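Have a look at the structure below, then the notes.
The values are calculated or read from the model by the stated rules, or taken from the named source; none is laboratory data. The structure displayed is predicted, hence computed values, not measured ones. Using ideal geometry, Cβ is built from the backbone for each residue, glycine included, and neighbour counts are taken over all protein chains shown.
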Amino acid sequence: MDEHCVIFITAGSKEEAEILSRGMIEKKLAFCVNTVLGIQSTYHWEGKLHVDNEILLIAKTRQQKYSALENWVKQNHSYDVPEIISLPIQKGLPEYLKAIDDWVTS
């Protein structure tokens with residue numbers, strides 16, 4: 001079973017993205033969070049097509065921390081239903097994966 005994952009989270013502002021990123025690291029829910037500014041999201045929500053500017057967060061963590069990370073993000077996010085999507089890391093530089101393990105402990 002894959003032990004590590006990458007989680008995509010979108011945020012509506014740079015300030016919110018920073019709060020979420022720092023919180024995930026400080027709470028040891030993620031080892032690293034990349035912030036990708038200037039994405040455009042096109043989606044269907046509440047019967048309408050939306051096109052919004054957002055910020056994408058890419059968090060690297062352990063699979064066993066997903067539920068805690070999801071709960072923390074939901075509690076601290078401004079969206080009623082934030083995007084929180086996890087993908088397994090099937091392979092990675094062993095030293096990097098170890099760094100994830102060393103920070104995000106069980």
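Here are the numbers:
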read-out	value
Residues of the stretch 91-104 satisfying the condition of being surrounded by 10 or more Cβ atoms within 10 Å (Cβ to Cβ) and either of a type outside the set (D, E, K, R) or without any contact (Cβ under 8 Å) to a residue 12 or more places away in the chain (or both)	Gly92, Tyr96, Leu97, Lys98, Ala99, Ile100, Trp103, Val104
Those residues of the stretch 13-40 which are touching a residue at least 40 places away in the same chain (Cβ under 8 Å), in contact with a strand residue (DSSP E or B) (Cβ under 6 Å, 6 or more places away or on another chain) and of a type in the set (Gly, Ala, Ser), in sequence order	Ala17, Ala30
Only one of Ser86, Ser78 that is surrounded by 11 or more Cβ atoms within 10 Å (Cβ to Cβ), more than 12 Å from the chain's Cα centre (by Cα), at pLDDT 95 or above and on the phi < 0 side of the Ramachandran plot	Ser78
Subset of the stretch 2-36 (residues that are more than 19 Å from Ile85 (Cβ to Cβ) and not β-branched (Val, Ile, Thr))	Ser13, Lys14, Glu15, Glu18, Arg22, Glu26, Lys27, Lys28
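Matching residues to (1) at pLDDT below 95; (2) more than 20 Å from Lys98 (Cα to Cα); (3) small (Gly, Ala, Ser):
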position	(1), (2), (3)
Lys14	no, yes, no
Ser21	no, yes, yes
Lys28	no, no, no
Phe31	no, no, no
Gln40	no, yes, no
Leu49	no, yes, no
